[in-house]
Amino acid sequence: MADKVTVNFGNILYAEDDQLYQITTPLILSRIGFTVKVVGNGKLAVEEFSSDSNYSSVLLDNQMPIMTGIEAARRILEKKTVDIVLFTSDEKHTVSEAVDELGIRYLKKPGTEMGFKILYASLLTKK
């Protein structure tokens with residue numbers, strides 16, 4: 001019997017206040033091959049990234065208490081260049097100015113496994 005081969009494409013820091021997404025999104029990402037750390041808001045994402053910047057990507061909801069995903073992205077990018085994805089139910093036209101200004105990606109909720117595969121394949125191949 002062959003040993004199971006596991007692949008780790010990197011570590012993702014995920015900021016999300018919705019408990020359902022805190023469970024389902026990491027499951028999808030782990031099936032693809034990522035390790036995911038979940039925090040409950042943008043402020044916690046900034047703090048976590050400041051204490052451990054060994055993340056290949058940061059995935060941020062936008063509408064969170066304490067600090068939005070856009071504000072968290074802005075603060076994280078002040079510290080280090082990292083791939084950031086705004087994963088939100090906000091329509092793209094409402095966040096496109098900030099997405100373009102910050103040079104981050106946008107993915108509309110609810111995400112699918114295929115959507116995440118396409119997104120992260122494009123991020124991995126650009127490196």
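Looking at region 17-44, which of its residues are small (Gly, Ala, Ser) and under 20 Å from residue 123 (Cα atoms)? Hits for region 17-44 are 30, 33.
The criterion of being surrounded by 12 or more Cβ atoms within 10 Å (Cβ to Cβ), within 14 Å of the chain's Cα centre (by Cα) and of a type outside the set (Lys, Arg) does not hold for residue 98. Checked against (1) crowded, with 17+ Cβ neighbours inside 10 Å; (2) modelled with pLDDT of 95 or more, residue 111 meets all criteria but (2).
I'd like to verify a number: residues in region 54-78 that are assigned to a helix (DSSP H, G or I) and within 15 Å of residue 44 (Cβ to Cβ), how many? Full working, then the answer.
First, pick out the residues of region 54-78 that are assigned to a helix (DSSP H, G or I): 69-78.
Those left that are additionally within 15 Å of residue 44 (Cβ to Cβ): 69, 71-73, 75-76.
Of the residues in that region, 6 qualify.
Against the definition (aromatic (Phe, Trp, Tyr), more than 11 Å from the chain's Cα centre (by Cα) and within 24 Å of residue 9 (Cβ to Cβ)), how does residue 87 come out, yes or no? No. Please verify whether residue 90 is surrounded by 13 or more Cβ atoms within 10 Å (Cβ to Cβ), charged (D, E, K, R) and at pLDDT below 95, treating the condition exactly as stated. Answer is yes for this residue.
Which of the residues belonging to region 17-65 are of a type in the set (Ser, Thr, Tyr) and surrounded by 18 or more Cβ atoms within 10 Å (Cβ to Cβ)? Before you say what the answer is, go through the steps one by one.
We begin by selecting, within region 17-65, every residue of a type in the set (Ser, Thr, Tyr); these are 21, 24-25, 30, 35, 50-51, 53, 55-57.
If the condition is that a residue be of a type in the set (Ser, Thr, Tyr) and surrounded by 18 or more Cβ atoms within 10 Å (Cβ to Cβ), then 21, 25, 55, 56, 57 are the ones that fit.
Is one or more of the residues making up region 66-84 among the charged types (D, E, K, R), surrounded by 12 or more Cβ atoms within 10 Å (Cβ to Cβ), at pLDDT below 95 and on the phi < 0 side of the Ramachandran plot? Looking through region 66-84, none of the residues is among the charged types (D, E, K, R), surrounded by 12 or more Cβ atoms within 10 Å (Cβ to Cβ), at pLDDT below 95 and on the phi < 0 side of the Ramachandran plot.
Answer yes or no: is there a residue in region 69-77 that is free of Cβ contacts under 8 Å to residues at least 40 places away in the same chain and out of contact with any helix residue (DSSP H, G or I) (no Cβ under 9 Å at 6 or more places or on another chain). Before the answer, list the steps.
Going through region 69-77, the residues free of Cβ contacts under 8 Å to residues at least 40 places away in the same chain turn out to be 70-71, 73-77.
Narrowing further to those that are out of contact with any helix residue (DSSP H, G or I) (no Cβ under 9 Å at 6 or more places or on another chain): none.
For region 69-77, residues free of Cβ contacts under 8 Å to residues at least 40 places away in the same chain and out of contact with any helix residue (DSSP H, G or I) (no Cβ under 9 Å at 6 or more places or on another chain): absent.
The values are calculated or read from the model by the stated rules, or taken from the named source; none is laboratory data. Keep in mind it's a predicted model, so treat the numbers as computed, not measured. Neighbour counts are summed over all protein chains in view; Cβ atoms, including those assigned to glycine, are modelled from backbone coordinates with ideal geometry.
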